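**Student:** Just passing along the structure, written as structure tokens.
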Amino acid sequence: MITNELQNLSYIFNFSKIFYESYHKKVPLINFPSTLEKLINTDIIQLIKSSELHIIDKANIWMEEAYLNFERISKIGVEANKKLILELVPNKIQDCSFIQALTAFNERNYNIANCLVNKKSLIDNENLIKSQIKLDAFKGISLLFPYDEIPKTSNNTQQHQNQDKPLKYNLQIQHIYLDRFTNSLLIHTLDDSKEDLKKLLQGHYMVKPIKFSCPANSVIKFFRERHEDGVIINSKSNTKEFIHAFFLFKNNKTKIYQQSSLSNITNFLTRKTSQSGTLTKIIFIE
């Protein structure tokens, strides 16, 4: 049985790759900076101690992926500047605080995995200590990605302009059911996400992710049911990307709000049999 601690560790060690793949798939990246801020503050050593019996066969994979991530991260945003490779041109993506923090985060992860594989101490390993010091420099800092690195207009003007942008993963809901659909989900969103949820379901461009107070699978099940009764009229594939791009759910162990994995969303959107265990039921209110 997979422990929550092991799931959290797997997410930490796979985070850099998930970001890299999302960037190249042109999936909205709005959730990643805030998630990395939380992951940087996670006590990874304590998670390892809690899952020590389960990580022996994982450490090699984690180390190999972290090694590959060094090159993956270094290539993010570089393609657009390839014609200027002989010039010292600033690269907004590589120079932003999020990518710098992600690089330090991946280096720390690599050194931890290396210690696990080679049975080295996690307490006094020099490389690990140095990489952790680099990462600690990003604690308490708001990490930014290029689209919000240097605002060119006031917040109000920028927000108004953003609302006119088309949404790549727009959810198509039968108009007569839109209010019922929205109100059903509002009950299970955090207070500071309620207005954003309304705007998102109306098709506005969103910058902030929507945070839910209930488990991810409850929300996904609600979406599946609305597909089945014809309220949502676009494809489940589009709905999967929509949920993954804009919704965050609280991990009860780490207290971090994070995306549900694409595989989990696919599973719950397409499953025919009942889920074992108890889920929070989201009622499609009248």
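The values are calculated or read from the model by the stated rules, or taken from the named source; none is laboratory data. What you see is a predicted model, and the numbers here were worked out from it, not measured in a lab. Ideal geometry is used to build each Cβ from the backbone, glycine not excepted, and the neighbour counts take in all protein chains shown. Please note that ligands, DNA and RNA were not included when accessible areas were found on the heavy atoms of the full protein model with its side chains. Shrake-Rupley method; radii C 1.70, N 1.55, O 1.52, S 1.80 Å.
**Student:** Mind checking which residues of the stretch 206-232 are touching an Asp or Glu at 6+ places or on another chain (Cβ under 9 Å) and either small (Gly, Ala, Ser) or surrounded by fewer than 17 Cβ atoms within 10 Å (Cβ to Cβ) (or both)?
**Tutor:** At the first step, the residues of the stretch 206-232 found to be touching an Asp or Glu at 6+ places or on another chain (Cβ under 9 Å) are 206-211, 231.
Result: VAL207, LYS208.
**Student:** Here's something else I'd like to know. Just to be sure, is ASN252 farther than 23 Å from LEU36 by Cβ and either among the polar types (S, T, N, Q) or assigned to a helix (DSSP H, G or I) (or both)? First the steps, then the outcome.
**Tutor:** On the way: farther than 23 Å from LEU36 by Cβ: no; either among the polar types (S, T, N, Q) or assigned to a helix (DSSP H, G or I) (or both): yes.
It is false that ASN252 is farther than 23 Å from LEU36 by Cβ and either among the polar types (S, T, N, Q) or assigned to a helix (DSSP H, G or I) (or both).
**Student:** Exactly one condition in (1) at pLDDT 60 or above; (2) under 30 Å from LEU200 (Cα atoms); (3) open to solvent by 70 Å² or more (accessible area, probe 1.4 Å) is false for GLN159; which is it?
**Tutor:** So GLN159 meets the others, but not (1).
**Student:** Scan the stretch 170-188 for residues that are in a helix (DSSP H, G or I) and hydrophobic (A, V, I, L, M, F, W, C) and report the count. Spell out the reasoning first.
**Tutor:** Initially, the stretch 170-188 is screened for residues in a helix (DSSP H, G or I), giving 175-186.
Applying the additional criterion that residues be hydrophobic (A, V, I, L, M, F, W, C) yields 176, 178, 181, 185-186.
Count: 5.
**Student:** Need the failing condition index for TYR147 against (1) open to solvent by 90 Å² or more (accessible area, probe 1.4 Å); (2) at pLDDT 80 or above; (3) under 18 Å from GLU37 (Cβ atoms), just the number.
**Tutor:** Condition (2) is where TYR147 drops out.
**Student:** Sticking with this one: Take SER193 and decide whether it is in contact with a helix residue (DSSP H, G or I) (Cβ under 8 Å, 6 or more places away or on another chain), small (Gly, Ala, Ser), surrounded by 14 or more Cβ atoms within 10 Å (Cβ to Cβ) and not in a loop (DSSP other than H, G, I, E, B). Talk me through it step by step, then tell me what you get.
**Tutor:** On the way: in contact with a helix residue (DSSP H, G or I) (Cβ under 8 Å, 6 or more places away or on another chain): no; small (Gly, Ala, Ser): yes; surrounded by 14 or more Cβ atoms within 10 Å (Cβ to Cβ): yes; not in a loop (DSSP other than H, G, I, E, B): yes.
Taking the combined requirement at face value, the residue does not satisfy it.
**Student:** Exactly one condition in (1) small (Gly, Ala, Ser); (2) open to solvent by 70 Å² or more (accessible area, probe 1.4 Å); (3) closer than 19 Å to THR189 by Cα is false for ALA245; which is it?
**Tutor:** (2)
**Student:** Please specify each residue of the stretch 81-110 satisfying the condition of being open to solvent by 20 Å² or more (accessible area, probe 1.4 Å) and modelled with pLDDT of 75 or more.
**Tutor:** Across the stretch 81-110, the qualifying residues are LYS92, ILE93, GLN94, ASP95, SER97, GLN100, THR103, GLU107, TYR110.
**Student:** Mind checking which helices (runs of 4 or more DSSP H) fall wholly inside the stretch 1-80 and carry at least 3 residues that are surrounded by fewer than 16 Cβ atoms within 10 Å (Cβ to Cβ) and modelled with pLDDT of 90 or more?
**Tutor:** Numbers: elements: 4-24, 32-40, 44-50, 59-75.
Filter on the stretch 1-80 gives 59-75.
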